[in-house]
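One structure is given below, encoded as structure tokens.
The values are calculated or read from the model by the stated rules, or taken from the named source; none is laboratory data. All figures in this text were calculated on a predicted structure; none of them were measured in a lab. Cβ atoms come from the backbone with ideal geometry, glycine included; neighbour counts cover every protein chain shown. Just the protein is used for accessible areas: all its heavy atoms, side chains included, with ligands, DNA and RNA removed. Shrake-Rupley method; radii C 1.70, N 1.55, O 1.52, S 1.80 Å.
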Amino acid sequence: MRRKLLPLAIATVLACVTAATGLAAGSTQVEHFSFTHPTNVCGFSGTVAVRSTSVFRDTGDGTFFASGTWFAVFTADNGKSSTLSLAGPSKQTSPAVIDEQAGTVTTMTTYGGLFVKFSITRGPTLTRDAGTVTLVDVWKYTGDPNNPLGDLVSETLSGLHGPHPDLLSDFSVSCDVLVPYLQDP
């Protein structure tokens, strides 16, 4: 599950970061977007429809502040659907650290609010992660200091406060509770 949904959320944040790199220090950008595409979640084929509103602020010191809402509705081929939602602020707590010799870039970002909520669409919550968490991410260095982040190499959790069953289980909890719902006739 994590390999499907969390990277989509991370890609959304990175798209906002990339789009905002041309902004002047201290400027704010607000974006609304939506898209739909086929996907596979927990072994079920279907379609995901994503909609989001994000606010991104370049703080002028090599860090950023972002906030917004993000909803992804997965509709399985059998017609059953589930909703993944995120809401709340995130803040890069220090500028990206480029280690040219190691070929890596390290970022540290703190998230608050609703980290992730997984529910049956218009139904009960299946699992939720809320509260603060800091992610220390190591990326491959692209060689371009203006656009340094390549593929994700590793991720470490710290500063974990609040319930985070999915995050602590590598998002297997979501599949554990979603599969029986999707299989039920």
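Tabulated results
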item: All positions within segment 31-69 that are among the acidic types (Asp, Glu) and touching a Phe, Trp or Tyr at 6+ places or on another chain (Cβ under 7 Å); result: 58
item: Identity of the residue in segment 81-100, assigned to a loop (DSSP other than H, G, I, E, B) and open to solvent by 40 Å² or more (accessible area, probe 1.4 Å), that ends up farthest from residue 53 (Cα to Cα); result: 100
item: Residues of segment 70-101 satisfying the condition of being farther than 27 Å from residue 173 by Cα and free of Cβ contacts under 8 Å to residues at least 12 places away in the same chain; result: 97, 101
item: Within segment 143-173, considering residues that are assigned to a loop (DSSP other than H, G, I, E, B) and free of Cβ contacts under 8 Å to residues at least 12 places away in the same chain, the one least open to solvent (accessible area, probe 1.4 Å); result: 169
item: Residue that is farthest from residue 72 (Cα to Cα), among those in segment 101-117 that are assigned to a strand (DSSP E or B) and hydrophobic (A, V, I, L, M, F, W, C); result: 105
item: Check on residue 127, in contact (Cβ under 8 Å) with a residue 12 or more places away in the chain, under 30 Å from residue 80 (Cβ atoms) and not in a loop (DSSP other than H, G, I, E, B); result: yes
item: Residue list for segment 134-185, restricted to those being touching a helix residue (DSSP H, G or I) at 6+ places or on another chain (Cβ under 6 Å) and hydrophobic (A, V, I, L, M, F, W, C); result: 171, 173
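The rows are residues; the columns are (1) touching a His at 6+ places or on another chain (Cβ under 6 Å); (2) polar (S, T, N, Q); (3) farther than 24 Å from residue 58 by Cα.
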site: 93; (1), (2), (3): no, yes, no
site: 96; (1), (2), (3): no, no, no
site: 115; (1), (2), (3): no, no, no
site: 118; (1), (2), (3): no, no, yes
site: 124; (1), (2), (3): no, no, yes
site: 128; (1), (2), (3): no, no, yes
site: 139; (1), (2), (3): no, no, no
site: 144; (1), (2), (3): no, no, no
site: 155; (1), (2), (3): no, no, no
